[in-house]
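Structure, as structure tokens:
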Amino acid sequence: MKRNSFYAFIVIALLGFSGCATQENFAKQYNSWIGKDINGLIDQIGYPDSSFEAPNGNKVYVYNYNRVDSAPMMTPTFGFGYGWYGRHHPILIGVSGYHTTTRTCKLFIEVDSKDIITKWSSRGNSCVAYPIKEKSGSNSTSQTR
């Protein structure tokens, strides 16, 4: 019985991970825009944060994503006393500080003189996207984080 439960857990976990945001999905999303008009992309993801002229004369649009997450660190403490589990319980849990994570992604989209996307690049630790969900007759993209 335990073995069947273990296999069921593995299958459910794998199915759950299949819809996760990944760097590969991010690359697929923006690779699909190469050769297309920048205005279609702007309609999908909004106006860029800034732009500049590249050394080759092309225009580069820049999108910035920054997010700071903070969560309490829960630390088990062994001993007797008051805690979340009541009086005289041998294991107490308390907050010992906060863990802060900064997520960033800077996306660069280069276009030629006809506003056609020629290439893109990105920098940061959070340049990820969910899988692309194809819609018939539209130029759909996945949701980025």
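Laid out as a table, the results:
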| read-out | value |
| --- | --- |
| Filter pass, Ala13 being within 30 Å of Thr100 (Cβ to Cβ), at pLDDT below 90, surrounded by 12 or more Cβ atoms within 10 Å (Cβ to Cβ) and within 20 Å of the chain's Cα centre (by Cα) | no |
| Every residue from the range 51-80 that is surrounded by fewer than 11 Cβ atoms within 10 Å (Cβ to Cβ) and either at pLDDT 95 or above or of a type in the set (Val, Ile, Thr) (or both) | Phe52, Glu53, Pro55, Asn56, Gly57, Val68 |
| Check on Gly83, in a loop (DSSP other than H, G, I, E, B), at pLDDT below 65 and surrounded by 12 or more Cβ atoms within 10 Å (Cβ to Cβ) | yes |
| Single residue of Lys28, Lys36 found to be modelled with pLDDT under 95 and of a type outside the set (A, V, I, L, M) | Lys28 |
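The values are calculated or read from the model by the stated rules, or taken from the named source; none is laboratory data. On a predicted model such as this, the values are computed, not experimentally measured, just so you know. When we count neighbours, we look across all protein chains shown, and the Cβ atoms used for this are built from the backbone with ideal geometry, even at glycine.
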